[in-house]
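The values are calculated or read from the model by the stated rules, or taken from the named source; none is laboratory data. In this text the structure is predicted, and so the values were computed from the model without any measurement. Here the Cβ positions follow ideal geometry from the backbone for every residue, glycine too, while neighbour counts run over all protein chains shown. Areas reflect the complete protein model, heavy atoms only, side chains present, ligands, DNA and RNA absent. Shrake-Rupley method; radii C 1.70, N 1.55, O 1.52, S 1.80 Å.
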Amino acid sequence: MAQKHIGVVGAGPGGLAVAMLLVSQGYKVTVFEKQPYVGGRTSSFQLDDFTFDLGPTFLSMPHILEELFDAAGKKLEDYLSLVELDPMYELRFSDVIFSPSKNVHETRKKIEELFPGNGEGYERFMKQSDKKLDALMPLLQNRHSSLLDYFRLRTLRALPQLSLGRSLYDVLGDFFSDEKLKLAFTFQSKYLGMSPWECPGAFSILSYMEHKYGVFHPIGGLNQIPKAMAKVIKEYGGEIVTGVGVKKLLTKDREITGVLLEDGEKVHCDDVIVNADFAHAMTHLLDDGLLKSYSKQQLKKKDYSCSTFMLYLGVNKEFKLPHHTIVFSEDYKKNVEEITNSKVLSNNPSIYIQNACVTDPTLAPKGKSALYILAPVPNNTSLIDWEKHKSEFRQLVLEQIESRTEFKGLQANIEVEKMITPLQWEKDLFVYEGATFNLSHRLKQMMYFRPHNKFQELKNCWLVGGGTHPGSGLPTIFESARITANSILQENKTMTVHPTFEERTGMRGAQ
């Protein structure tokens with residue numbers, strides 16, 4: 001019996017990961033990508049002789065990536081060269097600079113020097129978070145297709161660790177008394193596009209995962225991850241069609257039958273996996289009236305993450321400064337409030353700077369730097385007129401960097417640059433409302449209440465990426481790919497591409 005033909009809409013990291021897993025099991029897989037390149041938001045671009053990652057620049061938990069390549073019968077080290085960063089990053093406050101390491105003893109020592117009396121809390125945080133992650137991983141590595149999932153043993157075991165009713169900021173207060181140190185362990189909520197004062201307390205595992213597993217940089221940039229997956233797909237005979245987007249998902253009686261491409265070609269598929277931005281795809285790729293829970297009207301009512309203002313600078317100067325620098329707003333809580341609630345542009349933004357050339361000289365000519373600058377900003381529900389304000393906000397960001405960091409002489413040495421505002425994220429890169437971290441991660445939009453990996457509204461339709469369970473962020477997206485691939489294989493009574501968490505840990509009774 002011939003294997004099914006699986007169509008994947010979008011060549012982002014989630015779409016390529018699930019395609020790699022399925023094609024390695026003998027499925028016929030075709031990936032359709034609107035852009036002329038693979039990677040989606042995890043792609044790269046050139047400005048003269050400078051190379052930039054478009055989106056993600058942090059990689060943690062590389063063992064998940066190794067497991068995916070192992071499941072596809074490949075070795076990650078044959079495709080990627082990973083460099084561990086130590087310290088992981090530099091966190092700059094107005095009066096203190098904290099550069100944590102994966103080395104627990106080193107980090108405790110630094111904490112005691114900078115935030116006396118908090119070293120014990122750090123060790124307690126690491127020990128308790130280890131137990132917390134063990135309890136939560138079964139929820140993150142299995143799909144949630146029924147409310148009955150909440151009564152499974154794995155969920156009941158995890159309940160005490162969910163910190164229900166408590167924010168991320170509240171949970172960190174159990175371990176740290178110093179305000180800045182709390183923020184140093186809550187800023188990861190920005191990976192979800194959320195405020196630490198609103199982000200569910202369960203997500204304290206985000207900072208723990210960095211401190212436990214470290215932060216890495218693939219030589220060439222994170223864009224090398226989807227490129228490596230694309231190479232594996234082609235080695236197995238899979239097809240990746242770039243430069244031709246999907247115009248519409250073809251349906252018959254609420255069942256997906258294939259895709260209509262922008263060039264007019266219809267392609268029959270037995271199953272379709274949607275990796276495009278979830279809300280954008282549901283809004284643009286299906287006929288009105290077909291969806292109920294995720295109709296255009298219902299999608300407008302959902303909560304979405306913040307957006308990002310981006311500057312990519314090719315600079316005629318070499319900066320011997322950290323790979324990752326995060327500059328906290330002098331009033332961080334007010335800044336976060338402006339981004340997520342009042343939705344106005346801040347006069348004192350928080351800023352992230354990646355200076356990857358200090359680790360990876362392949363990204364810029366000798367003696368020069370490729371700088372990636374990001375400022376979290378409101379998404380497009382704010383109605384901010386970016387065409388009017390982008391130049392002044394750019395100037396504000398650059399002035400803040402020069403005044404608050406050692407990136408001196410930055411503006412005077414810019415050779416080439418590119419800017420992306422929330423408007424471009426939406427119009428040019430097809431991100432709904434410019435919400436670069438997708439649907440928000442409030443509990444009412446998590447697990448069963450997030451779009452399901454096996455999409456509940458249409459037959460033969462699957463989801464992968466930040467808009468489905470478990471959520472956004474590269475490690476989480478890779479888990480969504482594993483969940484979706486395993487589910488398809490199980491439904492077709494073929495082997496799973498990787499054992500579930502319970503099978504790996506001998507906890508079969510947790511099912």
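Odds and ends about this structure:
- Search result, residues across region 241-275 that are open to solvent by 30 Å² or more (accessible area, probe 1.4 Å) and under 28 Å from residue 58 (Cα atoms): 241, 242, 243
- Residues of region 423-439 that are of a type outside the set (Gly, Ala, Ser) and surrounded by 20 or more Cβ atoms within 10 Å (Cβ to Cβ): 425, 426, 431, 432, 433, 436, 437, 438, 439.
- Residue-level analysis places residue 263 outside the set of residues that are within 19 Å of the chain's Cα centre (by Cα) and charged (D, E, K, R).
- The residues in region 91-107 that are surrounded by fewer than 18 Cβ atoms within 10 Å (Cβ to Cβ) and not in a loop (DSSP other than H, G, I, E, B) can be counted, and the count is 4.
- Residues considered: 237, 221. Of these, the only one that is outside any helix (DSSP H, G or I) and closer than 22 Å to residue 59 by Cβ is 221.
- Which listed residue is over 23 Å from residue 321 (Cβ atoms), under 17 Å from the mean Cα position of the chain (by Cα) and surrounded by 20 or more Cβ atoms within 10 Å (Cβ to Cβ), from 55, 39: 39
- Top-ranked residue in region 17-36 [being charged (D, E, K, R) and open to solvent by 30 Å² or more (accessible area, probe 1.4 Å); ranked as farthest from the chain's Cα centre (by Cα)]: 28
- Unmet criterion (only one of (1) buried (at least 22 other Cβ atoms within 10 Å of the Cβ); (2) over 22 Å from the mean Cα position of the chain (by Cα)) for residue 368: (1)
- Hey, residue 312 surrounded by fewer than 21 Cβ atoms within 10 Å (Cβ to Cβ), closer than 23 Å to residue 474 by Cβ and of a type in the set (Phe, Trp, Tyr) or not: no
- One residue stands out among those in region 70-85 that are hydrophobic (A, V, I, L, M, F, W, C) and part of a helix (DSSP H, G or I): the one that is nearest to residue 414 (Cα to Cα), which is 76.
- Residue within region 440-456 that is open to solvent by less than 10 Å² (accessible area, probe 1.4 Å), touching a strand residue (DSSP E or B) at 6+ places or on another chain (Cβ under 8 Å), modelled with pLDDT of 95 or more and within 15 Å of residue 302 (Cα to Cα) present: no
- Taken as a whole, the condition of being basic (Lys, Arg), within 16 Å of residue 92 (Cα to Cα) and either in contact with a strand residue (DSSP E or B) (Cβ under 9 Å, 6 or more places away or on another chain) or exposed (fewer than 15 other Cβ atoms within 10 Å of the Cβ) (or both) applies to residue 408.
- Number of residues in region 15-69 that are of a type in the set (Asp, Glu) and assigned to a loop (DSSP other than H, G, I, E, B) equals 2.
- Residue match in region 218-228 (condition: over 23 Å from residue 339 (Cβ atoms) and surrounded by fewer than 16 Cβ atoms within 10 Å (Cβ to Cβ)): yes
- Candidates are the residues of region 59-76 that are touching a Phe, Trp or Tyr at 6+ places or on another chain (Cβ under 9 Å) and open to solvent by 30 Å² or more (accessible area, probe 1.4 Å); the one that is farthest from residue 360 (Cα to Cα) is 73.
- Annotation: of all residues in region 332-353 being at pLDDT 95 or above and touching an Asp or Glu at 6+ places or on another chain (Cβ under 8 Å), the one that is least open to solvent (accessible area, probe 1.4 Å) is 346.
- Residues that are surrounded by fewer than 22 Cβ atoms within 10 Å (Cβ to Cβ), closer than 19 Å to residue 295 by Cβ and without any contact (Cβ under 8 Å) to a residue 12 or more places away in the chain are absent from region 394-405 altogether.
- Tallying residues that are touching a residue at least 24 places away in the same chain (Cβ under 8 Å), of a type in the set (Ser, Thr, Tyr) and assigned to a helix (DSSP H, G or I) within region 361-393 yields 3.
- The residues on offer are 192, 133, 148, and the sole one that is open to solvent by 60 Å² or more (accessible area, probe 1.4 Å) and either at pLDDT below 85 or farther than 23 Å from residue 483 by Cβ (or both) is 148.
- Residue satisfying all of: in region 38-71; out of contact with any helix residue (DSSP H, G or I) (no Cβ under 9 Å at 6 or more places or on another chain) and touching a residue at least 60 places away in the same chain (Cβ under 8 Å); nearest to residue 130 (Cα to Cα) among these: 45
- Tally of residues being out of contact with any helix residue (DSSP H, G or I) (no Cβ under 9 Å at 6 or more places or on another chain) and of a type in the set (Lys, Arg) across region 275-299: 0
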